[in-house]
Amino acid sequence: MKHDLLRSPRPWRLLALLCALLLAATPLLPMLLSIFDFRDGWQLGDPRLRQLFLRTLWMSAASAVVAVALGLPLALLAQRTRVLGAPLLLLLMPLPLFLPPLLIAQAWNGLTGMDGQMASWLTLGLCYAPLPALLAARALSRQQASAHEAALLCGGPGLALREMLRVCVPAAAFGGGLAFLFASTDFAVPDYFASIGDKFAVYPAEIFNRWRDQDYLAGARAAGPLVLLGAGVLYGSLVLRDRWSAPLAGSGRNPAALPLGRAAAPLAILAWSLTALLLLLPVGRILYETGMAGAAAEGSWVSRSGAAFGDALARGREDLGRSLRTGVLAGGVALLLAPFLADALARARGRRARLMQLALALPLLAPAVGTGLGAISVSNRALFGDLYQSTALVVMVMAGRFLPIAVFLLAERFQRVPRNQWAAAELAGLSYPLRVWRVLIGPHRAAWWLAGGLVVVFVVRELDLAILLPDANSSAAVRYFNALHFARDNFVAAFGLLMALILFLPMMLYVAWTSLRSPRQP
Amino acid sequence: MSEAALHLRDLHKSYDGRSLLQGLELRLDSGQRVAVSGASGAGKTTLLRVIAGLEDADAGALEIAGRAAMQGGRQLLPPWRRGVQVVFQDLGLWPTRSVFDNVHDALRAQGVARTEAQQRCQRVLEALGLNGLEKRKPAHLSGGEGRRLALARALAVEPAVLLLDEPFTSLDPDSRADGFALLDQVLDSTRAAVVLVTHDPVEAGLLGGDALQLRDGGLHS
């Protein structure tokens, strides 16, 4: 009996699922229940709310179009051509995703002076362009090498490009769907652009306003339509992705780069321009702002910038430390739970897999302000003592929200592990946790650490939730938010860049690890 | 001497300091078939990839249908202008396209008019016993059907040189014999010079042409 418990996957997966439900689903409950609440003509019965919802829809759709329009060509150029610096372009591609969207908003406002609705959807499109880019690049890297070569032989680069597009467009469209979802639930960026320019509101602001009115449950319930929208769009995107893409197993060879001929130079300029739009210009602008006139406005740009960084470190050290501590704790929880859930997900196929993906992704796709209000309305009761004020609540809610990132990353890696290795470990009598550790995590140890690292990154950059949960108020993201709304000086820029450096760290460590350990291909 | 469909002279190619092909020579006329066998790692697939222009050689010259495709190891013609088609070991079918479109796309990309492309497509699919499967995606074909589709796509564009990289290796003996019988039949109606590489000497004998061995970097009878 004891041996059965240790060897059978079911009890372990069930335990992981129960923990995940406790962490992730509890704050979602008020939102999920509100979907089935049809009193007063459902949540969107009020014409004002309907208008807000529709505005959020079209703004998010515009963000998704921007994300795909920038991400798809970047993926093609960086992954499958030899434009100048293509490996570096690939390395930089995910980084904008790690930056707090508010930092990118600040940078683009500084660069162009734009504000209002257009600035909001454009900035969110730039923030989430790495999603279609990364998914398209991954699809392109998996194209069967011989299918690409057959296209080259039959029709030259034109046909080869068409085949590459057929491979990567479904993935990019799926990334666009995700960009739409994240843009539709963002509160901070539209709030920032509305506060400095033409006034407008989006649906997440409506949820946030209920917090200001201290009507937490109503706020969480107001988020219901966005959760339903998220679930619908995600499921639809998964169906379309599965229908359009039809992968065939290849020989394991990497597909060759597309010959560019005389177009190489202009295409290299295009690729670097796209990277500049997504990363280099915003980071460069923020760096420039660290040396602009501010509280310590003396001396050269270098001395002012140095002083701003010193100031940011001195004033923000404790908040950064607290954010990191919360992030590391949430990352630790994810490292423990994600492998078991990822194993279950990696084995699912077809509709079952899509439903599992949907259920697992829901905490990430629900509006953070709704999750925060849900967590408050559940935990702020005498029954739970001081939980509402504690770090434990922040760690639980953050771990639950960002666990899907770790699960999806690991599931993708676990799918690559040959099933006979698993069967051999099973026949050797290894317990289930040992099999997961040795057979699944073993060859993907770097990815396992990266999964935890990404959870840390997203916890540190999370603002909407941190504003709402009392113990997270003294975090780096909230300090940055308050400082930016109070005064836009060189402290804000330096503090934002310090955060960015910390957020880039896990990815850099992962790249260094994998490039040191991976054998060189002939 | 008539113009050769394929003329490869003094081909040299090495990988990681190991010399794979050393002064290799091969000449084939239109319609001529040759089967090249050799041990794993002898350089069979590399030979095909150099002929197709998918890989650079260190040295050597190549002419295809009278046109210089490579000189001194330097490519003079890109792969898509050589008139060469390959049936890859893992087939290289286009997974999102139907059986019909796999062949039709290849023809259209060669500049064949839509109506003519459709007719040629039907003809070649019928010749290879794929009629009735036109709407299927490659993932829904059997191993043998997939191989026939790869062959149909390669033959439809009427190449000067057809390269076959172990096309029937993973099939059972009966299916393999059927495959070669069909191959023999369809090759009779083309003028393409054919190079088949295989590690199996029996398979080399089934092609019905010359049989050569790739050994020590060169071809031997």
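Annotations
- Residue B:40 falls short on exactly one of the conditions (1) closer than 24 Å to residue A:260 by Cβ; (2) polar (S, T, N, Q); (3) surrounded by fewer than 17 Cβ atoms within 10 Å (Cβ to Cβ), and that condition is (1).
- None of A:170, A:190 is in contact with a Lys or Arg (Cβ under 6 Å, 6 or more places away or on another chain) and surrounded by 18 or more Cβ atoms within 10 Å (Cβ to Cβ) except A:170.
For (1) farther than 30 Å from residue B:180 by Cβ; (2) in contact with a helix residue (DSSP H, G or I) (Cβ under 7 Å, 6 or more places away or on another chain); (3) in contact (Cβ under 8 Å) with a residue 60 or more places away in the chain, each residue gets a yes or a no:
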| position | (1), (2), (3) |
| --- | --- |
| B:10 | yes, no, no |
| B:18 | yes, no, no |
| B:27 | no, no, no |
| B:81 | yes, no, no |
| B:92 | no, yes, no |
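- Scanning segment B:123-154 for residues that are closer than 19 Å to residue A:154 by Cβ and within 14 Å of another protein chain (Cβ to nearest Cβ) turns up B:124, B:137, B:138, B:141, B:146, B:147, B:149, B:150, B:151, B:152, B:153, B:154.
- Filter result for residue A:147 (away from chain B (no Cβ under 14 Å), touching a residue at least 40 places away in the same chain (Cβ under 8 Å) and either touching a His at 6+ places or on another chain (Cβ under 7 Å) or buried (at least 24 other Cβ atoms within 10 Å of the Cβ) (or both)): no
- Filtered residues of segment A:6-43 (kept if at pLDDT below 75, in a helix (DSSP H, G or I) and surrounded by fewer than 17 Cβ atoms within 10 Å (Cβ to Cβ)): A:35, A:39, A:40, A:41
- Output for segment A:379-403, where each listed residue is in contact (Cβ under 8 Å) with a residue 60 or more places away in the chain and either surrounded by 22 or more Cβ atoms within 10 Å (Cβ to Cβ) or in contact with a strand residue (DSSP E or B) (Cβ under 9 Å, 6 or more places away or on another chain) (or both): A:393, A:394, A:395, A:396, A:397, A:398, A:399, A:400, A:401, A:402, A:403
- Single residue of segment B:106-122 satisfying the filter (buried (at least 23 other Cβ atoms within 10 Å of the Cβ) and at the interface with chain A (Cβ under 10 Å from one of its Cβ atoms)) that is farthest from residue B:138 (Cα to Cα): B:107
- Candidates A:110, A:158: the one that is surrounded by fewer than 24 Cβ atoms within 10 Å (Cβ to Cβ) and either in a loop (DSSP other than H, G, I, E, B) or within 14 Å of another protein chain (Cβ to nearest Cβ) (or both) is A:158.
- Among (1) modelled with pLDDT of 85 or more; (2) within 18 Å of residue A:191 (Cβ to Cβ), the one test that residue A:460 misses: (2)
- Residue check, residue A:204 crowded, with 18+ Cβ neighbours inside 10 Å, within 14 Å of chain B (Cβ to nearest Cβ) and not basic (Lys, Arg): no
- Search result, residues across segment A:173-216 that are β-branched (Val, Ile, Thr) and assigned to a loop (DSSP other than H, G, I, E, B): A:202
- Near pairs, Cβ below 6 angstrom, 6+ apart or cross-chain, from segment A:256-267 (within 14 Å of another protein chain (Cβ to nearest Cβ)) to any residue that is assigned to a loop (DSSP other than H, G, I, E, B) and at pLDDT 85 or above: A:257/A:81; A:257/A:82; A:258/A:81; A:260/A:81
- Contacts under 7 angstrom Cβ, first residue in segment A:51-80 being crowded, with 17+ Cβ neighbours inside 10 Å, partner among the acidic types (Asp, Glu), 6 or more apart: A:52/A:206
- Screening segment A:338-446 for helices (runs of 4 or more DSSP H) wholly inside it with 2 or more residues that are more than 26 Å from residue A:463 (Cα to Cα) returns the ranges A:350-365, A:391-414, A:419-427, A:432-435.
- Subset of segment A:81-107 [part of a helix (DSSP H, G or I) and of a type in the set (Val, Ile, Thr)]: A:104
- Hey, residue A:170 closer than 30 Å to residue B:158 by Cβ, in contact with a helix residue (DSSP H, G or I) (Cβ under 8 Å, 6 or more places away or on another chain), at pLDDT 80 or above and within 14 Å of another protein chain (Cβ to nearest Cβ) or not: no
- Here the condition is being acidic (Asp, Glu) and either within 12 Å of chain A (Cβ to nearest Cβ) or farther than 23 Å from residue B:43 by Cβ (or both); of B:200, B:174, it holds for B:174 alone.
The values are calculated or read from the model by the stated rules, or taken from the named source; none is laboratory data. What you see is a predicted model, and the numbers here were worked out from it, not measured in a lab. Every residue, glycine among them, receives a Cβ derived from its backbone with ideal geometry; neighbour counts consider all protein chains shown.
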